[in-house]
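Participant: Handing you a structure now.
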Amino acid sequence: ATPTAIMVGTGLGAKRGVLFKTATALETSARIDTVVLDKTGTLTKGEPEVTDFIAVEIAEVELLALVAAVERESEHPLAAAVVSYAVGRGAQPLEATAFRNVPGHGAGARVAGHQVFVGNRKLMVTQGIDIDPVAAQRQTLAATGRTAVLVAVDGKAVGVIALADAVRETAATAVATLHETGIKVVMLTGDNEATAQRIASMLQIDSVIAEVLPEDKAAKIKELQASGKRVAMVGDGVNDAPALAQADLGIAIGAGTDVAIDTADVVLMRSDPLDVSVALRIGKGTVRKMR
Ligand code: ADP
Ligand code: MG
């Protein structure tokens with residue numbers, strides 16, 4: 001690589017808020033054929049809000065208070081949204097004990113003498129809870145692209161909480177621009193299948209890998225690489241870091257967590273998914289100059 005081409009590429013990137021950490025990152029950008037995007041916080045703004053709260057065979061105010069007590073102990077972005085909704089509805093503050101966070105699944109605690117779990121279908125399954133009483137509501141809400149979270153009290157599924165997270169304004173254009181240069185676009189998310197499929201189809205994303213546990217995201221990247229793809233992974237979260245490291249090119253959203261930014265090869269300072277194609281284009285320009 002000629003130092004001049006690298007300097008020009010790095011400078012061009014910096015001007016557009018695309019930070020290449022190394023010369024290798026620039027060169028690798030030129031050879032990417034598959035872009036994998038995390039959903040929450042990458043394609044979406046990562047600011048979820050509760051849109052629906054459904055209580056089955058329990059008073060809504062009572063369920064709100066139980067759920068809020070658990071979620072107050074969690075650091076998950078969905079938890080913060082649930083707590084602020086409950087506070088807005090005047091839920092009574094209750095104390096949670098024996099709080100347990102289950103990464104990629106949800107959380108549980110004891111509240112006012114009850115065992116409460118809040119999380120996805122996998123969490124309920126591992127707790128041996130039958131989700132049939134809320135399955136229809138869950139499916140209807142997820143089909144709209146919202147994240148549907150389940151609530152169980154004393155071993156019974158009694159609630160569904162729907163959360164909406166707005167898609168970033170440029171997400172669809174970002175996907176279209178990648179397609180124009182022949183790049184395959186994949187969504188990788190811990191969220192449920194129906195929610196992920198809905199958002200992917202709105203954005204014309206080629207394929208979806210959903211309900212992936214945080215510790216399995218890197219393995220999914222490895223599988224794509226094993227099938228011959230040169231993969232760029234774009235993410236913002238702590239749970240994206242191993243996948244960012246595994247990918248041929250790790251790209252972090254600037255507004256993301258420190259771990260993601262530290263692990264990535266490229267940082268998008270404007271947190272704009274459109275800048276993924278800017279990065280790849282600068283890489284191609286640099287490599288062309290090198291020859
Ligand atoms: P993502 O990859 O979408 O950022 P995570 O891997 O952190 O998500 O979590 C996957 C899923 O687990 C979430 O979509 C949600 O359904 C559930 N979940 C995790 N933590 C919580 C929580 N504190 N409250 C409610 N649901 C949760
Ligand atoms: Mg994310």
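Participant: Only Cα pairs under 8 Å and at least 6 apart count here; give the relative contact order of the range 46-117 as a rounded whole percent.
Facilitator: On the way: 96 pairs, mean separation 22.1, N = 72.
Relative contact order comes out at 31 percent.
Participant: Arranged from highest to lowest average of other beta-carbon atoms within 10 Å per residue, in what order do the peptides 17-26, 158-167 appear?
Facilitator: Working: 17-26: 19.6, 158-167: 21.7.
My ranking of the peptides, most packed first, is 158-167, 17-26.
Participant: Continuing with this model, one more query. Net charge near residue 168, counting Lys/Arg +1 and Asp/Glu -1 over other residues with Cβ under 14 Å of its Cβ? Spell out each step's value before the answer.
Facilitator: Values: positive: 39, 45, 270; negative: 38, 47, 165, 169, 236, 272, 275.
In short, -4.
Participant: In the structure shown, do any of 39/229; 45/122; 21/184; 15/220; 45/217; 217/284 have a Cα-Cα gap over 31 Å, and if so which? Each step should come with its number before you reach the end.
Facilitator: Values: 39/229 20 Å; 45/122 25 Å; 21/184 24 Å; 15/220 33 Å; 45/217 20 Å; 217/284 27 Å.
From the list (39/229; 45/122; 21/184; 15/220; 45/217; 217/284), the Cα-Cα distance tops 31 Å for 15/220.
Participant: Shape verdict for the range 49-164, please, from the Cα gyration tensor: rounded (a/c under 1.5), prolate (a/b greater than b/c) or oblate. Each step should come with its number before you reach the end.
Facilitator: Working: a/c = 1.32, a/b = 1.14, b/c = 1.16.
Rounded, since a/c falls under 1.5.
Participant: While we're looking at this one, here's another question. Rounded to the nearest 500, what is the chain's calculated 222 nm mean residue ellipticity when only DSSP H runs of at least 4 contribute -39500 (n - 2.57) each, over all residues? Walk me through the numbers before you get to the answer.
Facilitator: Values: 12 runs with 120 residues, N = 291.
Helix-only estimate at 222 nm: -12000 deg cm²/dmol.
Participant: Okay, moving on. Round to the nearest 0.05 the FRET efficiency obtained for residue 172 and residue 56 when R0 = 41 Å and r is the Cβ-Cβ distance. Before the final figure, lay out each step's value.
Facilitator: Working: r = 36 Å, r/R0 = 0.87.
For R0 = 41 Å, the calculated efficiency reads 0.70.
Participant: Please work out how much length the chain gains when fully extended from residue 112 to residue 100, using 0.36 nm per residue of separation minus the C-alpha to C-alpha distance, in nm with one decimal. List each step's numbers first, then the result.
Facilitator: Details: separation 12, 0.36 × 12 = 4.32 nm, distance 1.59 nm.
That pair, residue 112 and residue 100, stretches by 2.7 nm at full extension.
Participant: What list of ³J(HN,Hα) couplings, whole Hz, do you get for the range 88-93 from phi and the Karplus terms 6.51, -1.76, 1.60, once you set θ to phi - 60° and write x for glycine and proline?
Facilitator: Computed from phi, the couplings for the range 88-93 are x, 8, x, 5, 6, x Hz.
Participant: Please find, in a Gaussian network model of the chain (springs between Cα atoms separated by less than 10 Å), the residue of 14, 98, 247 whose mean-square fluctuation is greatest.
Facilitator: Sorting by GNM fluctuation, first place goes to 98.
Participant: So, one more: Assign unit charges at the C-beta atoms only (+1 for Lys and Arg, -1 for Asp and Glu), then state the dipole size of the chain relative to its Cα centre in Debye, rounded to the nearest 20.
Facilitator: The calculated dipole for the chain is roughly 1300 debye.
Participant: Can you tell me the relative contact order of the chain? Whole percent, Cα pairs under 8 Å, sequence separation 6 or more. Mind showing how you got there, number by number?
Facilitator: Numbers: 624 pairs, mean separation 74.6, N = 291.
This gives 26 percent for the chain.
Participant: Let me ask you something else. Find out how many positive minus negative residues lie around residue 107, taking Lys and Arg as positive, Asp and Glu as negative, among other residues whose Cβ is under 14 Å from that of residue 107.
Facilitator: Around residue 107, the charge tally is +1.
Participant: Given a cut-off of under 8 Å on Cα pairs at least six residues apart, what relative contact order in percent is computed for the range 174-264?
Facilitator: Numbers: 145 pairs, mean separation 18.1, N = 91.
Over the range 174-264, the number comes to 20 percent.
Participant: Grab the other residues whose beta carbon is less than 12 angstrom from that of residue 98, score K and R as +1, D and E as -1, and report the net.
Facilitator: On the way: positive: 100, 110; negative: 73, 95.
My count for the surroundings of residue 98 gives 0.
No value in this document is a laboratory result; all are computed from the given coordinates. Computed from a predicted structure; not experimentally measured. With ideal geometry, Cβ positions are generated from the backbone for all residues, glycine too; neighbour counts draw on all protein chains shown.
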